[in-house]
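Undergrad: Can you read through this structure? Questions will come right after.
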Amino acid sequence: MGLTEHIVMRELDIPDISDFAVYRRHGGWEAYRYALTEKTPADIVQMVKDSGLRGRGGAGFPTGVKWGFLPKGVYPRYLLCNCDESEPGTFNNHQIIDKNPHQLIEGVALSAYAIEANVAYIYMRGEFAAAARTLERAIAQAYEAGFLGKNILGTGFDLDIYVHRGAGAYICGEETALMESLEGKIGQPRLKPPFPAVAGLYGKPTIINNVETLANVPRIVEKGVAWYRSHGTEKSPGTKCFSLSGHVNRPGNYELPFGVPLRELIESPEYGGGMKGGRPVKIIIPGGASAPWLTADHLDIPLDYESLAAAGSMLGSGGVIVLNDTVSAPYVAYKMDEFFKHESCGKCTPCREGTHWLVRTLHRMVEEGHATAADIDTLHSIYRQMAGNCFCLLGESAVMPIKSALQLFPHEFEALVKRSSSRNGHQIPLIVRH
Amino acid sequence: MTTPTTDIATDRNVRPVSDNRRKILEATMKRFQYQGDALIEVLHKAQELYGFLSPELLSEVAQRLRLPPSRVYGVATFYHFFSLVPQGEHSCTVCLGTACYVRGAAHLLHDLETLSGVKAGHTSSDGRFSLLTARCLGACGIAPAVVLDGEVIGHADCSDLTARIQKLLGREE
């Protein structure tokens, strides 16, 4: 159908696009060469600011504004590319890297030039060993071609890019935890302020951006601000790679301009292809596991930062999980909070203890079939004590599944209590076979 | 932690003849100039060479990188990728993320446990097979996903998977 021109996933279908020569033949690395030879770093920062590009990692913070926070005249500076992609339901970053690594590397190199950093690190999720090798091979090709290294294209600009493999910790997607991990430590978040732009990696000014954000930069430089802003909405320009999963016919990554209704992503034959077996939508988790849930009532919401925020949820990482009416809301909340409990780094009490007690209570209610009315009050009490009191966003995210489930489907928790008392505590199967 | 003995591996992985794993590990540490901030890379290498991180191996790494053993132990236990116990020769990791769960991952795991006789998170008594779980592998588009000896398999089906595991273990039926 081609609703829009693809910006990030544009060349994924070209055979061997992961090879330097093929990427170059399709106009790759040209934006970088142009920037280095004809534009100043400040020009590029201004361009990205004007484009309205927003961070695709979850918060949606304007990228150019973030770059502007760097203190003037303080060097060295570092650029970090966050490819720790661990948010449940999100899987677009590694597809970008697997298929078209040069686009990311060009984005990293271009952004490093813009913020005047001579060293950039790409922090890869530990499980992405194959993607890390793909990137390393592509980086080596870029060095060979003279686009990385010393005195690039005779401009005096030096740049080294390193790939760092994480070792399996969701918390390392949090920017300050990522920096701790990069320094070889336990990935626990740091207190902010100081913000990374002021004191980040090794205490130096650091900019950290998501893979998808950086992959947008070469296109903005190549095609210009006006072209970029012609996609998406006024406040959320450009496109977003949505990772669609769950009970849809065609799960996968789909790049859409911001503002397309949720219904279209799920139902269009080009994208989700409707619900499996035609069953009704029950729960939509629009932005990875950390996003508050939506229901079938929200299908007409446009997918952009403002509209989802107005609906009480968030666009987050763009990982859209769609669940049908066969799932039990308490069970889904239990499974998701089990994830957060497992991944809680243990630094702060509300998160460490809160996730533990949420899971313990939910386990008894949904797995063991012992649910009392007091348990429902306990769940409310636990998440209220967590909300706003956790050190970083992991704990705050853990509140979302249980809060959403209790608010949207209170009757399902009450039914657990009812069934539990009538069956005298025998286990009730809550898992539906497919 | 105890002082390292002459050979840093004291488990059944020991290969006394022509064991140059230690040399490779030393070369890795040297490449990073024995800097403490390379700890995670060094542990990755150590686990790749030895299969798991024994107390002796951790102690060795701590000494060479001049880090407190507590820091090395802390990092090794914090990250899920590192294992402090030997893993089976072959491993099957079942993803239990939300997307895989709603596509039947819990049943798949249950069936695999029953068929293999190995509980999730454990290794068979002969050390040949480990059944592991993961909390979202980022393969939600091909749910349910499993990783069999490093290979990601999408739309996993129990009977197909069991056949592949049997084949790996050389127990074709």
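The values are calculated or read from the model by the stated rules, or taken from the named source; none is laboratory data. Since the structure is predicted, the reported quantities are computational estimates derived from the model, not experimental observations. Cβ: placed from backbone, ideal geometry, glycine included. Neighbour counts: every protein chain shown.
Undergrad: Output the residues belonging to the range A:211-248 that are within 12 Å of another protein chain (Cβ to nearest Cβ) and touching a Lys or Arg at 6+ places or on another chain (Cβ under 6 Å).
TA: A:His247
Undergrad: When you scan the range B:14-101 for helices (runs of 4 or more DSSP H) that lie fully inside it, which ones turn up with 1 or more residues that are in contact with a strand residue (DSSP E or B) (Cβ under 9 Å, 6 or more places away or on another chain)? Working first, answer last.
TA: Numbers: elements: B:21-31, B:39-50, B:55-64, B:69-78.
In the range B:14-101, the matching helices (runs of 4 or more DSSP H) lie at B:39-50.
Undergrad: Kindly check whether there is at least one residue in the range A:126-137 that is assigned by TED's automatic domain parsing to the domain that holds A:Gln95 and within 21 Å of A:Leu393 (Cβ to Cβ). Walk me through how you get there before you give the answer.
TA: Of all residues in the range A:126-137, those assigned by TED's automatic domain parsing to the domain that holds A:Gln95 come to A:126-137.
Filter once more, keeping what is within 21 Å of A:Leu393 (Cβ to Cβ): A:126.
Yes: one or more hits.
Undergrad: Can I ask one more? If a residue has to be part of a loop (DSSP other than H, G, I, E, B) and modelled with pLDDT under 90 to count, how many in the range B:122-148 make the cut?
TA: Let us first name the residues in the range B:122-148 that are part of a loop (DSSP other than H, G, I, E, B), namely B:124-128, B:135-139, B:143-145.
From the residues that got through so far, the ones that are modelled with pLDDT under 90 too are B:135-139.
Count: 5.
Residues are listed down the side, and each one gets a yes or a no for (1) out of contact with any strand residue (DSSP E or B) (no Cβ under 7 Å at 6 or more places or on another chain); (2) surrounded by fewer than 18 Cβ atoms within 10 Å (Cβ to Cβ); (3) under 26 Å from A:Tyr32 (Cβ atoms):
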position	(1), (2), (3)
A:Tyr162	no, yes, yes
A:Gln188	yes, no, no
A:Pro196	no, no, yes
A:Gly203	yes, yes, no
A:Asn209	no, no, yes
A:Asn216	yes, no, yes
A:Gly224	yes, yes, yes
A:Arg229	no, yes, yes
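Undergrad: Moving on. Looking at the structure I just gave you, is B:Leu39 under 25 Å from B:Cys136 (Cα atoms), at pLDDT 95 or above and within 11 Å of chain A (Cβ to nearest Cβ)?
TA: Details: under 25 Å from B:Cys136 (Cα atoms): no; at pLDDT 95 or above: yes; within 11 Å of chain A (Cβ to nearest Cβ): yes.
Criteria not met by B:Leu39.
Undergrad: Now for a separate question. What is the one condition in (1) within 14 Å of chain A (Cβ to nearest Cβ); (2) more than 18 Å from the chain's Cα centre (by Cα); (3) surrounded by fewer than 18 Cβ atoms within 10 Å (Cβ to Cβ); (4) not in a loop (DSSP other than H, G, I, E, B) that B:Val152 does not satisfy?
TA: (2)
Undergrad: Continuing with this model, one more query. When the residues of the range A:249-276 are narrowed to those that are in contact (Cβ under 8 Å) with a residue 12 or more places away in the chain and either polar (S, T, N, Q) or assigned to a helix (DSSP H, G or I) (or both), which ends up nearest to the other protein chains (Cβ to nearest Cβ)?
TA: Top of the filtered list is A:Asn253.
Yes/no per residue for (1) modelled with pLDDT of 95 or more; (2) in contact with a helix residue (DSSP H, G or I) (Cβ under 6 Å, 6 or more places away or on another chain); (3) closer than 30 Å to A:Ser313 by Cα:
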site: A:Val8; (1), (2), (3): no, yes, yes
site: A:Asp16; (1), (2), (3): no, yes, no
site: A:Arg24; (1), (2), (3): yes, no, no
site: A:Asp50; (1), (2), (3): yes, yes, yes
site: A:Lys66; (1), (2), (3): yes, no, yes
site: A:Leu80; (1), (2), (3): yes, no, yes
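Undergrad: Now, a different point. Scan the range B:128-142 and tell me whether some residue there is more than 10 Å from chain A (Cβ to nearest Cβ), surrounded by fewer than 20 Cβ atoms within 10 Å (Cβ to Cβ) and more than 28 Å from A:Ile321 (Cα to Cα).
TA: Yes - at least one qualifying residue is present in the range B:128-142.
Undergrad: Has the range A:119-135 got at least one residue that is at pLDDT 95 or above and part of a helix (DSSP H, G or I)? If you could, list the steps in order and put the result at the bottom.
TA: Of the residues in the range A:119-135, the ones at pLDDT 95 or above are A:119-123, A:135.
This time we only want the ones that are part of a helix (DSSP H, G or I), so: A:135.
Among the residues of the range A:119-135, at least one is at pLDDT 95 or above and part of a helix (DSSP H, G or I), which makes the answer yes.
Undergrad: On to the next question. Can you say whether A:Lys347 is buried (at least 19 other Cβ atoms within 10 Å of the Cβ) and either at pLDDT below 95 or away from chain B (no Cβ under 14 Å) (or both), as far as the supplied structure shows?
TA: Working: buried (at least 19 other Cβ atoms within 10 Å of the Cβ): yes; either at pLDDT below 95 or away from chain B (no Cβ under 14 Å) (or both): no.
Judged against the criteria, A:Lys347 is not a match.
Undergrad: Continuing with this model, one more query. Quick one: would you say A:Val74 is surrounded by fewer than 16 Cβ atoms within 10 Å (Cβ to Cβ) and not in a helix (DSSP H, G or I)? Walk me through how you get there before you give the answer.
TA: Numbers: surrounded by fewer than 16 Cβ atoms within 10 Å (Cβ to Cβ): yes; not in a helix (DSSP H, G or I): yes.
Here the answer is yes, as A:Val74 does meet what is asked.
Undergrad: Would you mind stating whether A:Ser313 is of a type in the set (Gly, Ala, Ser) and within 24 Å of A:Phe409 (Cα to Cα)? If you could, list the steps in order and put the result at the bottom.
TA: Numbers: of a type in the set (Gly, Ala, Ser): yes; within 24 Å of A:Phe409 (Cα to Cα): yes.
So A:Ser313 passes the test.
Undergrad: So A:Arg24 ticks every box in (1) outside the structural domain of A:Ala138 (by TED's automatic domain parsing); (2) not in a loop (DSSP other than H, G, I, E, B) but one. Which box is left unticked?
TA: Condition not satisfied by A:Arg24: (1).
Undergrad: Conditions: (1) assigned to a helix (DSSP H, G or I); (2) without any contact (Cβ under 8 Å) to a residue 12 or more places away in the chain. A:Asp16 meets all but one. Number of the miss?
TA: (1)
Undergrad: Here's a follow-up. Checking B:Ala106 against (1) buried (at least 20 other Cβ atoms within 10 Å of the Cβ); (2) out of contact with any Gly (no Cβ under 6 Å at 6 or more places or on another chain); (3) at the interface with chain A (Cβ under 8 Å from one of its Cβ atoms), only one condition comes out false. Which one?
TA: Of (1) buried (at least 20 other Cβ atoms within 10 Å of the Cβ); (2) out of contact with any Gly (no Cβ under 6 Å at 6 or more places or on another chain); (3) at the interface with chain A (Cβ under 8 Å from one of its Cβ atoms), only one is false for B:Ala106: (1).
Undergrad: Using the structure shown, decide if A:Ala177 is assigned to a loop (DSSP other than H, G, I, E, B) and either touching a residue at least 12 places away in the same chain (Cβ under 8 Å) or outside the structural domain of A:Gly126 (by TED's automatic domain parsing) (or both).
TA: no
Undergrad: For the structure I just gave you, tell me whether B:Asp111 is of a type in the set (D, E, K, R) and either within 9 Å of chain A (Cβ to nearest Cβ) or touching a helix residue (DSSP H, G or I) at 6+ places or on another chain (Cβ under 9 Å) (or both). Full working, then the answer.
TA: Values: of a type in the set (D, E, K, R): yes; either within 9 Å of chain A (Cβ to nearest Cβ) or touching a helix residue (DSSP H, G or I) at 6+ places or on another chain (Cβ under 9 Å) (or both): yes.
Answer is yes for this residue.
Undergrad: Right, another one. Can you tell me how many residues within the range A:321-344 are in contact with a strand residue (DSSP E or B) (Cβ under 7 Å, 6 or more places away or on another chain) and at the interface with chain B (Cβ under 10 Å from one of its Cβ atoms)? Steps first, answer last, please.
TA: Step one: filter the range A:321-344 for residues in contact with a strand residue (DSSP E or B) (Cβ under 7 Å, 6 or more places away or on another chain), giving A:321-325, A:327, A:329, A:332.
If we keep only those that are at the interface with chain B (Cβ under 10 Å from one of its Cβ atoms) as well, we get A:321-324, A:327, A:332.
Residues in the range A:321-344 being in contact with a strand residue (DSSP E or B) (Cβ under 7 Å, 6 or more places away or on another chain) and at the interface with chain B (Cβ under 10 Å from one of its Cβ atoms): 6 in total.
Undergrad: Please tell me if B:Leu115 is farther than 25 Å from A:Met336 by Cβ, in contact with a Cys (Cβ under 6 Å, 6 or more places away or on another chain) and surrounded by fewer than 20 Cβ atoms within 10 Å (Cβ to Cβ).
TA: On the way: farther than 25 Å from A:Met336 by Cβ: yes; in contact with a Cys (Cβ under 6 Å, 6 or more places away or on another chain): no; surrounded by fewer than 20 Cβ atoms within 10 Å (Cβ to Cβ): yes.
So B:Leu115 fails the test.
Undergrad: When you scan the range A:277-289, how many residues do you find that are farther than 15 Å from A:Ser307 by Cβ and more than 12 Å from chain B (Cβ to nearest Cβ)?
TA: From the range A:277-289, those farther than 15 Å from A:Ser307 by Cβ are A:277-283, A:285, A:288-289; that's our starting set.
The next check asks that each one be more than 12 Å from chain B (Cβ to nearest Cβ); those that pass are A:277-278, A:280-281.
Residues that pass the stated criteria total 4.
Undergrad: Within the range A:409-428, is even one residue at pLDDT 95 or above and within 14 Å of chain B (Cβ to nearest Cβ)?
TA: There is no residue in the range A:409-428 that is at pLDDT 95 or above and within 14 Å of chain B (Cβ to nearest Cβ).
Undergrad: Pairs under 9 Å by beta carbon, first residue within 14 Å of chain A (Cβ to nearest Cβ) in the range B:81-92, partner among the hydroxyl-bearing types (Ser, Thr, Tyr) and surrounded by fewer than 15 Cβ atoms within 10 Å (Cβ to Cβ), six or more apart or different chains?
TA: B:Leu84/B:Thr77
Undergrad: Using the structure shown, decide if B:Glu172 is over 27 Å from A:Arg279 (Cα atoms), in contact with a helix residue (DSSP H, G or I) (Cβ under 7 Å, 6 or more places away or on another chain) and either at pLDDT below 90 or within 11 Å of chain A (Cβ to nearest Cβ) (or both). So that I can check it myself, show each step before the final result.
TA: Working: over 27 Å from A:Arg279 (Cα atoms): yes; in contact with a helix residue (DSSP H, G or I) (Cβ under 7 Å, 6 or more places away or on another chain): yes; either at pLDDT below 90 or within 11 Å of chain A (Cβ to nearest Cβ) (or both): yes.
It is true that B:Glu172 is over 27 Å from A:Arg279 (Cα atoms), in contact with a helix residue (DSSP H, G or I) (Cβ under 7 Å, 6 or more places away or on another chain) and either at pLDDT below 90 or within 11 Å of chain A (Cβ to nearest Cβ) (or both).
Undergrad: Ok, one more. Take B:Pro69 and tell me if it is under 16 Å from the mean Cα position of the chain (by Cα), over 24 Å from B:Pro144 (Cβ atoms), more than 13 Å from chain A (Cβ to nearest Cβ) and not aliphatic (A, V, I, L, M). Give the derivation first.
TA: Working: under 16 Å from the mean Cα position of the chain (by Cα): no; over 24 Å from B:Pro144 (Cβ atoms): yes; more than 13 Å from chain A (Cβ to nearest Cβ): yes; not aliphatic (A, V, I, L, M): yes.
Considered against the rule, which asks whether it is under 16 Å from the mean Cα position of the chain (by Cα), over 24 Å from B:Pro144 (Cβ atoms), more than 13 Å from chain A (Cβ to nearest Cβ) and not aliphatic (A, V, I, L, M), B:Pro69 comes out as no.
Undergrad: Within the range A:12-32, can you find the residues that are surrounded by 15 or more Cβ atoms within 10 Å (Cβ to Cβ) and of a type in the set (Lys, Arg)?
TA: A:Arg24 - this is the single residue of the range A:12-32 that is surrounded by 15 or more Cβ atoms within 10 Å (Cβ to Cβ) and of a type in the set (Lys, Arg).
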